[in-house]
1. Cβ-Cβ distance below 7 Å, separation of 6 or more or different chains: which pairs start in the range 91-110 with a residue that is under 15 Å from Arg62 (Cα atoms) and end on one that is of a type in the set (Ser, Thr, Tyr) and not in a loop (DSSP other than H, G, I, E, B)?
2. Looking only at strands (runs of 3 or more DSSP E) that lie completely in the range 1-88, which have at least 3 residues being in contact with a Leu (Cβ under 8 Å, 6 or more places away or on another chain), open to solvent by less than 90 Å² (accessible area, probe 1.4 Å) and at pLDDT 85 or above?
3. Just a yes or no: is a residue in the range 105-124 under 18 Å from the mean Cα position of the chain (by Cα), assigned to a strand (DSSP E or B) and modelled with pLDDT under 95?
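The values are calculated or read from the model by the stated rules, or taken from the named source; none is laboratory data. Here the structure is a predicted model, which means the values were calculated and not measured. As a convention, Cβ positions derive from the backbone with ideal geometry for all residues, glycine included, and neighbour counts pool all protein chains shown. The protein model used for the area step is the full one, side chains on, heavy atoms only, and it has no ligands, DNA or RNA in it. Shrake-Rupley method; radii C 1.70, N 1.55, O 1.52, S 1.80 Å.
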Amino acid sequence: MLNKSIFFLVVIALVGFIAPALAREAAPIPYRSAPLIPWAKKVGEHRYRSPRNYDRTLEYYRKTILGAAHIVKEKIVNTSAVRGTHIRNKKAGARWEGLNIYEYKGSTFIFVVFSDKELEKIEKEKVKKAEKSGSDKKPKKKKKKGKKKKK
């Protein structure tokens, strides 16, 4: 009888330690320091489609980043066609200022709002990349089209 009691106490203790670890969310994927939900798909410039629905996406961010002192959540829109929430980063000098999370036509999207300084840096990188790809291209040689000789 005593052995069964000890066994059950050990099982309960293990479940108490293991269950929270299994329920923990995966860490956010950084995109230019902004936290993105794992497996988000890029659909535009600084815009991603969440792999989860709107409520579960907000739940993910609540569990992973909303506990920080410099992160606050603000509702921006709630109509029959669109629901949206803004997560603001109040940290001074941060590269990203917020995340706009919204649901439209059944899909959930995340738009990363960057600081002006970071947007300037992104624009400079684009220009540099365009210049580099433009100078790397060598003119193609034209192939001579001649008639084949018959034997």
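1. Ile101/Thr57; Ile101/Thr85; Ile101/Thr108; Ile110/Tyr48
2. Details: elements: 29-31, 34-36, 41-44, 47-49, 71-78.
So the answer is none; nothing clears 3.
3. No - not one qualifying residue is present in the range 105-124.
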